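The values are calculated or read from the model by the stated rules, or taken from the named source; none is laboratory data. Values in this document were obtained by computation on a predicted structure and should not be read as measured data. Neighbour counts are summed over all protein chains in view; Cβ atoms, including those assigned to glycine, are modelled from backbone coordinates with ideal geometry.
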Amino acid sequence: MSSQADRSGEAAADIIVARDVHKWFGQLHVLRGIDLTVKVGEVVVIFGASGSGKSTFIRTINRLEEHQRGEIFVDGIELSNDVRNIAAVRSEIGMVFQSFNLFPHLTAMENVTLAPIRVRKSPRERAEQLAMELLNRVGIPEQAHKYPAQLSGGQQQRVAIARALAMQPKIMLFDEPTSALDPEMISEVLDVMKELALSGMTMICVTHEMGFARAVADRMVFFDQGLIVEQGPPSQIFGNPQHERTVQFLSQILH
Amino acid sequence: MTPSTAPAAPDLPPPIGIVGPIGWLRQNLFSSPASSLVTLVMGAVLALVAFELGRWAFSEARWGVVTANFRLFLIGQYPMEAAWRLWLSLFVVSTLAGLSAGTAGGTIRTLATWLAAGQALLAGLAFLSELGPVVSGALLVNAVVLWVAFFLKLGRFVPRPALTWAWLLSIPVSAVLLAGVGGTPLEPVSTNLWGGLLLTFLLALVGILLSFPFGVLLALGRRSSLPAVRLLSTAYIELIRAVPLVTVLFMASIMLPLFLPGEIRIDRVLRAMGGITLFSAAYVAENVRGGLQAIPSGQIEAAQALGLSTYRMNRHIVLPQALRSVIPANVGLFISLLKDTTLVYILGLLEILGIGRAVLAQSQWFGAQMEVYAFVAAVFFVLCYTMSQASYRLEEALGVGQR
């Protein structure tokens with residue numbers, strides 16, 4: 001990979017490299033050539049109108065969606081049709097969904113320990129110990145033995161974050177993690193995400209929580225109609241947006 | 001100053017006629033003149049039917065047809081000198097059921113309770129019949145052993161894996177006991193001689209135990225991403241569902257021997273088991289497919305994002321959710337499978353209904369249809385009712401519909 005060599009002078013290495021990524025849903029051209037590079041420890045916030053391809057793009061990073069042109073490297077592994085590569089990439093990436101997607105037939109604890117036990121083959125006791133630490137970290141150790149249906153939306157999303165962290169990923173993807181939450185529960189999830197960002201986790205978040213973006217994002221990326229129209233640090237995006245569509249979109253969601 | 005409350009009116013007992021048995025009668029049976037009339041007429045009809053049935057059952061009916069042929073109803077023509085092997089096999093199963101039931105959930109308890117009650121009932125009938133006190137005693141011992149192990153929770157002292165292995169081992173052990181092995185003290189008993197309740201029970205049990213996993217595999221196959229697997233599964237399911245069970249059994253009995261080389265003979269009972277299993281699996285598959293379709297795609301995405309392989313995902317995420325939602329449908333299917341085992345008369349096998357017909361062909365029991373069919377119906381009722389009760393327990397345990 002040449003890009004890593006090119007940037008060898010810089011402190012952090014590239015962990016996600018996407019070049020000219022295209023994706024079609026049938027006839028619909030949803031990603032029209034995305035180029036994005038993310039460094040280790042970087043927190044990237046992706047925003048844009050619905051249908052702009054932002055969710056589809058982050059889902060191509062762990063192959064929940066297949067891209068049809070271009071290339072994506074995660075930690076030096078190319079996402080191709082090779083099942084082993086897909087498995088390797090997925091083991092480095094944790095994902096949090098808009099609708100939580102907790103497993104309803106398992107308790108919070110079982111949700112968190114399932115993958116460590118079944119995929120990483122970690123002994124049950126170790127997995128449960130790690131799970132308790134993570135549930136502590138997201139602030140709900142007392143809910144460990146409840147089922148998802150017994151938890152509030154904010155609690156469920158925090159269990160989902162703990163579940164993703166249990167695989168000790170190098171990268172976390174957040175796909176609109178607060179969009180399905182009642183307003184009073186948004187902050188408890190954002191607090192967990194902020195703590196995670198400050199701890200040095202590499203994160204890509206699709207979100208419209210501009211306060212969160214301003215506080216922790218290293219870079220903001222604006223998607224429009226399947227393309228990256230503008231990107232830059234929050235200070236630039238909020239203070240001096242370059243593109244007309246960015247200005248328009250920000251004015252819509254900030255007022 | 002403490003605020004004083006107004007003196008409460010004392011609680012009066014409700015007037016007679018709105019609570020208690022009288023209240024219930026008034027509300028449900030005599031709420032209006034028309035309702036009272038219907039109650040009286042229906043009550044009279046019911047009383048008449050019950051009286052006539054009772055009079056027939058206790059004075060006219062020749063129940064001797066059941067007791068005199070009880071051996072046939074129970075085990076067909078299975079030789080009496082080898083019958084101890086059946087009771088021994090039942091003993092093994094009863095012991096394991098008792099051990100499991102003491103420590104397990106409601107489903108196994110229900111099944112074990114009925115297994116004990118059923119054997120006690122059969123022991124009673126055997127005592128009255130030509131089988132006599134020895135067989136009756138053996139069955140009673142099984143029932144008692146089961147109850148004792150159940151109530152004293154003897155399962156506590158047996159490690160769970162050992163019990164699981166014992167259950168798995170009980171299948172080949174029972175098969176060897178029943179069929180026997182040539183050249184050993186366990187003389188082979190030709191399956192032609194198996195019959196009655198023994199055969200009904202075996203056909204249903206094997207059909208249920210084998211068609212369930214096969215059906216689940218077919219349902220997964222039908223949703224596979226591999227086109228060949230998907231096509232084959234779909235073709236199989238559609239083909240079988242387009243054909244009546246009678247036809248499948250005909251195929252098994254007449255066509256199969258034509259396709260196989262002359263020296264290979266598949267036993268008739270095995271052919272019946274195969275036919276029933278293959279038939280039932282297609283229906284299980286369609287039930288399970290319904291459950292699979294109800295799983296939101298987010299569940300699968302979450303499992304994939306965690307790095308679970310397809311096998312792990314199906315095993316731990318998809319199937320546990322899909323299967324619990326299709327329990328009622330599957331139990332319904334298995335109940336009809338049990339009743340459909342009567343169709344094996346096509347293969348010349350005499351399960352309990354077939355035995356009934358054979359018994360009626362004896363000249364001394366000419367005209368005892370009512371008694372024979374009432375007995376056979378009662379046996380089927382007990383078996384089917386057991387299954388449906390066990391399924392309710394299973395639903396409760398798995399929390400169907402209260403997720």
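Yes/no matrix, rows are residues, columns are (1) crowded, with 16+ Cβ neighbours inside 10 Å; (2) modelled with pLDDT under 95; (3) within 11 Å of chain B (Cβ to nearest Cβ):
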position: A:83; (1), (2), (3): no, yes, yes
position: A:90; (1), (2), (3): yes, yes, yes
position: A:105; (1), (2), (3): yes, yes, yes
position: A:161; (1), (2), (3): yes, no, no
position: A:164; (1), (2), (3): yes, no, yes
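Screening the range B:235-266 for residues that are of a type in the set (Val, Ile, Thr) and surrounded by fewer than 16 Cβ atoms within 10 Å (Cβ to Cβ) and picking the one that is nearest to the chain's Cα centre (by Cα) gives B:246.
Test residue B:271 against the stated conditions and say whether it is surrounded by 21 or more Cβ atoms within 10 Å (Cβ to Cβ), in contact (Cβ under 8 Å) with a residue 40 or more places away in the chain and in a helix (DSSP H, G or I). Judged against the criteria, residue B:271 is a match. Just wondering, is there one or more residues in the range A:109-121 that are part of a loop (DSSP other than H, G, I, E, B), of a type in the set (Ser, Thr, Tyr) and farther than 20 Å from residue A:202 by Cα? No; the residues of the range A:109-121 include none that is part of a loop (DSSP other than H, G, I, E, B), of a type in the set (Ser, Thr, Tyr) and farther than 20 Å from residue A:202 by Cα. Residue pairs whose Cβ atoms lie under 6 Å apart, sitting 6 or more positions apart in sequence or on different chains, and linking a residue in the range A:57-72 that is away from chain B (no Cβ under 14 Å) to a partner that is in a loop (DSSP other than H, G, I, E, B) and not polar (S, T, N, Q), are A:72/A:79.
Total residues in the range B:313-340 satisfying the condition of being within 10 Å of chain A (Cβ to nearest Cβ) and surrounded by fewer than 18 Cβ atoms within 10 Å (Cβ to Cβ): the figure is 2. Taken residue by residue, the range B:233-247 has at least one member that is among the small types (Gly, Ala, Ser) and within 30 Å of residue A:84 (Cα to Cα). One residue is enough: does the range A:176-183 have a residue meeting the conditions touching a Phe, Trp or Tyr at 6+ places or on another chain (Cβ under 9 Å), part of a loop (DSSP other than H, G, I, E, B) and under 25 Å from residue A:14 (Cα atoms)? Yes, because at least one residue in the range A:176-183 is touching a Phe, Trp or Tyr at 6+ places or on another chain (Cβ under 9 Å), part of a loop (DSSP other than H, G, I, E, B) and under 25 Å from residue A:14 (Cα atoms). Residues that are at pLDDT 90 or above, of a type outside the set (A, V, I, L, M, F, W, C) and either within 14 Å of residue B:62 (Cα to Cα) or out of contact with any Asp or Glu (no Cβ under 9 Å at 6 or more places or on another chain) (or both) within the range B:338-361 comprise B:339, B:340, B:351, B:354, B:356, B:357, listed in sequence order. In the range A:184-201, the count of residues that are at positive phi, outside any helix (DSSP H, G or I) and within 20 Å of the chain's Cα centre (by Cα) is one or more. For the range B:226-234, does any single residue satisfy the condition of being modelled with pLDDT under 95, within 14 Å of chain A (Cβ to nearest Cβ) and closer than 30 Å to residue A:165 by Cα? No, the range B:226-234 has no match at all. The set of residues from the range A:107-129 being charged (D, E, K, R), within 28 Å of residue A:185 (Cα to Cα) and within 10 Å of chain B (Cβ to nearest Cβ) comprises just one member, A:110. Taken as a whole, the range A:215-227 holds at least one residue that is within 20 Å of residue A:37 (Cβ to Cβ), surrounded by fewer than 18 Cβ atoms within 10 Å (Cβ to Cβ) and either more than 15 Å from the chain's Cα centre (by Cα) or of a type in the set (S, T, N, Q) (or both). Of the listed requirements (1) within 18 Å of residue B:207 (Cα to Cα); (2) among the small types (Gly, Ala, Ser); (3) touching a residue at least 40 places away in the same chain (Cβ under 8 Å), residue B:336 misses just one: (3). Please indicate, with yes or no, whether at least one residue in the range B:295-308 is over 25 Å from the mean Cα position of the chain (by Cα) and among the hydroxyl-bearing types (Ser, Thr, Tyr). Checked against the condition, which is being over 25 Å from the mean Cα position of the chain (by Cα) and among the hydroxyl-bearing types (Ser, Thr, Tyr), the range B:295-308 yields at least one hit.
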